[in-house]
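To start, the structure itself, in structure tokens.
The values are calculated or read from the model by the stated rules, or taken from the named source; none is laboratory data. Since the model is a prediction, treat every value here as computed from it, not as a measurement. Positions of Cβ are generated from backbone atoms using ideal geometry, with glycine treated the same way; all protein chains shown enter the neighbour counts. To get the accessible areas, we keep the full protein, side chains included, count just its heavy atoms, and leave off ligands, DNA and RNA. Shrake-Rupley method; radii C 1.70, N 1.55, O 1.52, S 1.80 Å.
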Amino acid sequence: MAGLVVLGAFVLVPSVGGYIDMRQQIAQASAGVAATEDEISALELEQARWQDPAYIMTQARERLYYVLPGEVVFLVQDDLPVDAAAAAEPDAVDPEVSEREDDWMGSMLRSVVGSGLAEQATAIDPDVFPED
């Protein structure tokens with residue numbers, strides 16, 4: 001009797017495993033179908049909106065800035081309110097900072113030519129180029 005029970009278990013276990021896998025695949029497929037149906041209904045609603053001439057006119061006005069003949073449209077570029085206190089008083093400049101007249105182009109050219117013609121590499125000053 002025990003042998004028949006064990007034999008029955010060996011026969012039925014693979015079938016039950018296959019059944020469980022198949023049910024999971026069916027559930028996943030059903031979820032995918034439901035998501036696709038929701039997307040289709042949203043697209044059909046969008047298509048119905050585009051059949052309305054008022055919606056088309058609104059979209060043309062908003063997206064493409066179309067106007068009817070005789071209308072005047074004003075586009076406001078920066079309509080955010082400006083803080084008056086921040087706009088009136090600029091940030092203070094550090095007194096140690098000063099303008100320096102320098103020929104940066106000549107400096108760079110001398111540096112590039114000098115580095116190309118150098119016979120021996122020089123050590124990098126850690127104060128100028130600190131390591132991260």
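Tell me, what % of the accessible area of the chain is carbon and sulfur with a 1.4 angstrom probe?
Values: 7940 of 12920 Å².
Ligands and nucleic acids excluded, carbon and sulfur give 62 percent.
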### Task
Considering only protein heavy atoms, with the full assembly of protein chains and a 1.4 angstrom probe, order 113, 11 by accessible area, largest first.
11, 113
### Per-residue SASA entry for residue 61, accessible area with 1.4 Å probe, Å² rounded to 10
80
### Query
Under a point spin-label approximation (7 Å from Cα along Cα-to-Cβ), what is the residue 74-residue 127 distance to one decimal in nm?
5.9
### Query
Rg and Dmax of the chain, using alpha carbons, in Å: what are they?
37.8, 104
#### Entry: List 23, 100, 110, ordered by accessible area with a 1.4 Å probe, largest first
100, 110, 23
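Compute the accessible area per residue over the chain, keeping the other protein chains in place, probe 1.4 Å, unit Å².
Values: 12920 Å² over 132 residues.
Value for the chain: 98 Å² per residue.
Just to be sure I follow: if Rg is taken over the C-alpha atoms of region 1-71 and Rh is the Kirkwood radius over the same atoms, what is Rg/Rh? Spell out each step's value before the answer.
Working: Rg = 28.6 Å, Rh = 17.6 Å.
Result: Rg/Rh = 1.63.
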#### Entry: Angle between the chain longest axis and helix 53-64 axis [Cα atoms, degrees, rounded to 10]
40
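For the chain, what does the helix formula give at 222 nm: sum of -39500 (n - 2.57) over DSSP H segments with n ≥ 4, over the residue count, nearest 500 deg cm²/dmol? Before the final figure, lay out the partial values.
On the way: 4 runs with 79 residues, N = 132.
Counting only the DSSP helices, I get -20500 deg cm²/dmol.
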### Sites residue 36 and residue 63 - FRET efficiency at Förster radius 22 Å, r taken between beta-carbons, to 0.05
0.20
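Quick one: ranking 50, 104 by accessible area, 1.4 Å probe, largest first, what do you get? Don't skip to the answer; put the middle values down first.
Working: 50 90, 104 165 Å².
Output order, biggest surface exposure first: 104, 50.
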